[in-house]
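Take a look at the structure below.
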Amino acid sequence: MEKLFGSIAQHVQSSQTPAFQSAPQPQSNSGQVAPWLQDGNSNKPPPVVSHSSSDEHILVQPTQQATDPYRHQNSFTSSGKKKALLIGINYTGTSYALSGCINDAHNLKNFIVQNYGYSASPESMVMLSEDSKNDKMIPTVKNLIAGFQWLVSNTKSGDELFLSYSGHGAQIKDDDGDRASGMDSTLCPLDFLTAGQIRSDDVHRYLVAALPQGVKLTVVMDCCHSGTMMELPYTYRPDANGKMNPIDMVKEGMRIAARAKGLFEGGFSMNKINDAKNLFEDAQALAAAFSGRGKKAEVDSQGYKKEAFNENAGAPKQVFCLSGCMDEQTSADTSFNGQASGALTFAILSALKENRDVSFEELLVQLRGFMKGKFSQIPQLSCGVPVDPQSKFSF
């Protein structure tokens, strides 16, 4: 079983059983201003804070519901211009090292170049990883912020952007009161112990607030505590036990029936007894879904939960984020077929390699199905606009 030590929940470091290690606490440098921002840059630096020692990770609860019907935003006309920023941090040589994050960045890079029309030229794509020979490409706080600013700069309506982050995620005390849990999610750059973490408030400010209208940004956050890392206004079916549509229910029923048939073939064993127990639990969950019983997230008729972040007072943005887990959960750093990888990244690539003609909802269902029985994390989809769940997903 998973166990957390301290507030940085480590990625899973074995290919089988999740095993979390303790991570050192970042030093407090409160009051210092990062030197690269002392030249009058109007962008405030990310907070440099002491890491919270709390082990309580509470799911953010909705504090309000939308008063007007959601107007799904499905139309997007691409200009053909694409930019990508990929970040992979293994923290090599530290006691909190990961294994698959740099691989994640490279694998996503190759996939979007080969399948989604992105160019690997330096003008169109930047990769930050600690194995780079260029100091400006090392994933420090300074370079992550510079990368965020590069990604959204010189863009116009119709442009398409892609961001991936694979590394540690953490939580610190919320300083603006817009999270019911009292905890902000954070990114942990390579130098987070000395330069601090990057709050979700600042992630939103650099990437969402700064994004020009009409520009599309797709994000993959393969890290712990990442459910609402972008602080977007909508989360789609955040609860794993949320409502299923009738088609999904029928498919799940057929899957359970096929598994039941297999139990009666070839005699019984201890493994089959365990399978029967799991099958019974799944059948109970399906029955609850049909009857409307069971725990349900507070969502609207389309499946969207309205978040209450202070940062979302402005115009809606075309931002779509796939996150590895809910805010209070951890994301797995593991291995598949002998190669280290983040569980979310591997699941996304596996699903899209098999079929790129999938909807937002279909992809989310596949990602959650991949995790079930392997990892406790529940992938999340958050949006800047309430997109039609049945519309096609694309990077």
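The values are calculated or read from the model by the stated rules, or taken from the named source; none is laboratory data. Computed from a predicted structure; not experimentally measured. Neighbour counts are summed over all protein chains in view; Cβ atoms, including those assigned to glycine, are modelled from backbone coordinates with ideal geometry. Just the protein is used for accessible areas: all its heavy atoms, side chains included, with ligands, DNA and RNA removed. Shrake-Rupley method; radii C 1.70, N 1.55, O 1.52, S 1.80 Å.
Do we find a residue being open to solvent by less than 20 Å² (accessible area, probe 1.4 Å), closer than 29 Å to Ala332 by Cβ and touching a Pro at 6+ places or on another chain (Cβ under 7 Å) anywhere in region 149-156? No; the residues of region 149-156 include none that is open to solvent by less than 20 Å² (accessible area, probe 1.4 Å), closer than 29 Å to Ala332 by Cβ and touching a Pro at 6+ places or on another chain (Cβ under 7 Å). Within region 327-347, one or more residues are open to solvent by 50 Å² or more (accessible area, probe 1.4 Å), modelled with pLDDT of 95 or more and in contact with a Phe, Trp or Tyr (Cβ under 8 Å, 6 or more places away or on another chain).
Taking first residues from region 319-341 that are of a type in the set (Phe, Trp, Tyr) and partners that are in a strand (DSSP E or B), the Cβ contacts under 9 Å between residues at least 6 apart in sequence or on separate chains come to Phe320/Lys216; Phe320/Leu217; Phe320/Thr218; Phe320/Val219; Phe320/Leu381; Phe320/Ser382; Phe320/Cys383. Is region 173-184 home to any residue that is at pLDDT 95 or above, more than 16 Å from the chain's Cα centre (by Cα) and of a type in the set (Ser, Thr, Tyr)? The answer is no, given that none of the residues of region 173-184 is at pLDDT 95 or above, more than 16 Å from the chain's Cα centre (by Cα) and of a type in the set (Ser, Thr, Tyr). Against the conditions (1) in contact with a helix residue (DSSP H, G or I) (Cβ under 9 Å, 6 or more places away or on another chain); (2) buried (at least 21 other Cβ atoms within 10 Å of the Cβ); (3) touching a residue at least 24 places away in the same chain (Cβ under 8 Å), Asp184 satisfies every one except (3). When the residues of region 371-385 are filtered to those that are out of contact with any Leu (no Cβ under 8 Å at 6 or more places or on another chain) and open to solvent by less than 10 Å² (accessible area, probe 1.4 Å), the one that is modelled with the highest pLDDT is Met371.
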